[in-house]
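Asker: Questions regarding the structure given below will be posed in turn.
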Amino acid sequence: MDKIRRVVGNESKIFKLMIALLFLVPILYMIYLCMIVIIYPTSFQELLSGSPFSAVMLLASCLNLLMGYYLYHLKVHLDHHDLFMLTIYFLALAQILLGNLLIAVFIALFIWVSPNKKIKLSNLRNNIPLLSMFGAFFVMYMFCGFVLFKLII
């Protein structure tokens, strides 16, 4: 229990765990898909074309890989704090919509222990290239969420 308190109270450790999960989820999902291909006599292309849910989840998990790199890049450059926190908030929303609850829990913990949760929208105008990249990621996440929602219903 003491270890959990030390991890939850430290923003840096939670961030590292969140980034590790963002990098680990695509790897684990690819291993899962490879196991399905091995167990059932099918090719990888047939699996993805026959199961649109698997194809969309593969795309979403690859977005997690890119988003992990993007967040790591933003966190290293601390002058982008407002954009970083905006990205964290929208990433939490996207992960909840996609059903990645483990990552969403770590994002919520990160927001909870973060000392400066406020965002000044006026500071975002200085980061147009990074903001446009964030917008592209968010649109792709929402597209994946919409397609998954349509496949479930």
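The values are calculated or read from the model by the stated rules, or taken from the named source; none is laboratory data. Since the model is a prediction, treat every value here as computed from it, not as a measurement. Cβ: placed from backbone, ideal geometry, glycine included. Neighbour counts: every protein chain shown. These area figures cover heavy atoms from the full protein model, side chains too; ligands, DNA and RNA do not enter into them. Shrake-Rupley method; radii C 1.70, N 1.55, O 1.52, S 1.80 Å.
Asker: Full-extension gain between residue 53 and residue 66, please, as 0.36 nm times their residue separation minus the C-alpha to C-alpha distance.
Answerer: Here the answer is 2.7 nm.
Asker: If you don't mind, there's one more thing I want to ask. What spacing in nm lies between the two simple spin-label points modelled at residue 27 and residue 108, each 7 Å away from Cα in the Cβ direction?
Answerer: Between residue 27 and residue 108, the simple spin-label model gives 2.7 nm.
Asker: How many nm is it between the label spots at residue 73 and residue 89, if each spot is 7 Å from the Cα in line with the beta carbon?
Answerer: For the pair residue 73/residue 89, the computed spacing is 2.3 nm.
Asker: Here is a further query. How much accessible area per residue does region 39-105 have, in Å², with a 1.4 Å probe?
Answerer: In whole numbers, region 39-105 has 52 Å² accessible per residue.
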